[in-house]
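A short worksheet on the structure shown next.
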Amino acid sequence: MRVALLTIGTAGDIHPFIGVGLALQRRGHEVVLVTNPHFQERIARVGLGFWPLGTADEHKALVSSPSLIHRSQGPMFVLHNLMIPAIEPSVRALEHLRMAFKPDAVLAHHIVLAAPHTCERLRIPCATAVLAPLFWLSRHEPIVYPNIRIENLPRWADRAARRVMRPAARVMIDRPVSRAKKAIGLPPARNLVYTEARGQNPDRPVLALWSRQFRPAMPDDPERGRICGFGWFDRGATTHKPDEAELDRFIAEGEPPLVFTLGTSVVHHGQDFFDLAAKAAARLGRRALLLTGSRESAIRNWPAGVRAVPYAAFSRVLPAGCCTIHHGGIGTTAQAMRAGRPAVIIPFANDEFDNAARARRLGVSVTLPRRRLKLRTLCEAIDRAATDAAMRGTAAVLGQKLIAEDGAAVAAEELERLARGRDR
């Protein structure tokens, strides 16, 4: 069987698809991952096929823009600088793949807007992948919207927000997307926010790549929705890899450290966060490991007991820490929970507010709003998370449950079923 996986965005959007690709590969299938060339080397290193979508310069411009993590501008920036520009290239990539690769099935990130209609036109079975629960917009659970950021919004306020959001989304989202799709002969967008992640076609599978432990099934989930589990992959970075023996020595030479990370997108705009992290560790009398995202920031003269590296695999270092302090990206949140350690989450933008709220409700994290991020409040949040016996116990139990799950394998089984025609 041949499977094409289409995704765009930062590493948090790419790694779950690599996980699914590896699961398919282990089952004897041929896989090509269609994404930005920035990720080509790490994809090739694990033996998956690669097909370019966009340019490396476009990826660099995306992650380097402060608008990417702006609390209110972030979603529209992603729409106009990532999703819409990918419409025409993704159509051309699928057309070429149809001839050169002849895929039996396609799995596309829900933000690859042209994939479902293009696959339908090319008669390729297609499934949609969704990475974060926010995008299913269930009415049966609390949701923290990026532009509202209020946990446990009263039901009347949630209903009012949805009523306002729907017509606003038609103007701000559907219209520019429709113009871009019309230019290449695709049908217009309709209620994109409410349909793209839930599947526009009731016959098309929608694979949720998160754990039921994080967000279980709800009565209004998509008819063809399947919650598979997280698609684990975190060893794909090919640059700035630290000396693992040296890192192991640091971890082993004292008490478990605090681990600070801002993932792969926020890290480009939060270097002052690591200065604050080092001061907080010193005030608390704890060791700290900083995952700074760049060699330049890592080689600075840090205080005693603080070690900084550009990158380290989460599955390697998070279980060795005592607490993870991060931004709430879905990939980082998943890995922090799987590590079985409590967390402090400081959301910056997009789905991070909702992810943080879910982790807090599970009893495994403390949420610190970015506007309140100061040395005193950071120390208080870390001390609470790292010393709360109930939180540590809950985090350990959840971690064991997540270790036992293999969402990528479940997704691979669904794609096999799709390709065989059972669900078509």
> So between Arg371 and Ile184, what do we pick up on full extension, going 0.36 nm a residue minus the alpha carbon distance?
Replying inline: 63.1 nm
>> Taking the 0 to 90 degree range and rounding to the nearest ten, how far is the long axis of helix 11-26 tilted relative to the main principal axis of the chain, both from C-alpha atoms?
In response: 70
> In degrees between 0 and 90, to the nearest 10, how far off the longest principal axis of the chain does helix 87-100 point, with axes built from Cα atoms?
Replying inline: 70
> In debye to the nearest 20, how big a dipole does region 85-167 give about its Cα centre with +1 on each Lys and Arg Cβ and -1 on each Asp and Glu Cβ?
Replying inline: 280
> Under a point-charge model restricted to the Cβ atoms of Lys and Arg (+1) and Asp and Glu (-1), what is the dipole moment magnitude of region 21-169 relative to its Cα centre, in debye to the nearest 20?
Replying inline: 420
> Which of Ala385, Met337, Pro319 sits farthest toward the positive end of the charge dipole of region 244-403, with +1 on the Cβ of Lys and Arg and -1 on the Cβ of Asp and Glu?
Replying inline: Ala385
> Could you give me the ³J(HN,Hα) list for region 211-226, computed from phi with Karplus coefficients 6.51, -1.76, 1.60 and θ = phi - 60°, whole Hz, x at Gly and Pro?
Replying inline: 8, 5, 5, 7, 8, x, 5, 10, x, 9, 5, x, 4, 9, x, 9
>> In region 143-256, if the dipole is taken from +1 on Lys/Arg beta carbons and -1 on Asp/Glu beta carbons about the Cα centre, which of Ile150, Leu247, Ala197 is farthest to the positive end?
In response: Ala197
> Using 0.36 nm per residue, how much length does the chain from Ala61 to Met99 gain when fully extended, once their Cα-Cα distance is taken away?
Replying inline: 10.5 nm
> Going by a ≥ b ≥ c, the root eigenvalues of the Cα gyration tensor, does region 57-161 fall in the rounded group (a/c under 1.5), the prolate group (a/b larger than b/c) or the oblate group?
Replying inline: oblate
>> 5 Å is the cut-off here: which amide hydrogens, built 1.01 Å from N in the peptide plane, fall below it relative to Gly225, excluding neighbours closer than 5 in sequence?
In response: Val206
>> Let me spell out the model: positive unit charges on the Cβ of Lys and Arg, negative unit charges on the Cβ of Asp and Glu, origin at the Cα centre of region 244-403. What dipole size does that give, in debye rounded to 20?
In response: 400
> From the square roots a ≥ b ≥ c of the eigenvalues of the alpha-carbon gyration tensor of the chain, which class results: rounded (a/c under 1.5), prolate (a/b over b/c), or oblate?
Replying inline: prolate
> Gap in Å between the Cα centre of region 260-305 and the Cα centre of region 201-226?
Replying inline: 37
> Using the Karplus equation 6.51 cos²θ - 1.76 cosθ + 1.60 (θ = phi - 60°), what ³J(HN,Hα) coupling, rounded to whole Hz, does each residue of region 102-110 give in order, writing x for Gly and Pro?
Replying inline: 6, x, 7, 7, 10, 10, 10, 4, 5
>> Distance between the C-alpha centers of region 35-71 and region 146-175? Whole Å please.
In response: 30
>> Assuming 0.36 nm per residue, please report the length gained on full extension of the stretch Asp275 to Tyr194 beyond their Cα-Cα distance.
In response: 25.1 nm
> With θ set to phi - 60° and the Karplus curve 6.51 cos²θ - 1.76 cosθ + 1.60, what are the ³J(HN,Hα) couplings of region 54-69 in order, to the nearest whole Hz, using x for Gly and Pro?
Replying inline: x, 10, 5, 5, 5, 5, 4, 5, 4, 6, 8, 7, x, 5, 4, 10
>> Once you place label points 7 Å from the Cα toward the Cβ at Ala168 and Arg316, how far apart are they in nm?
In response: 4.4
> Using alpha carbons only, how many degrees (0 to 90, rounded to 10) separate the axis of helix 352-361 from the longest principal axis of the chain?
Replying inline: 60
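No lab work stands behind these numbers, since they all come straight from the coordinates. Just so it is clear, the model here is predicted, and its values are computed rather than measured. Don't worry about glycine lacking a Cβ; one is built from the backbone with ideal geometry, like all the others, and counts go over all protein chains shown.
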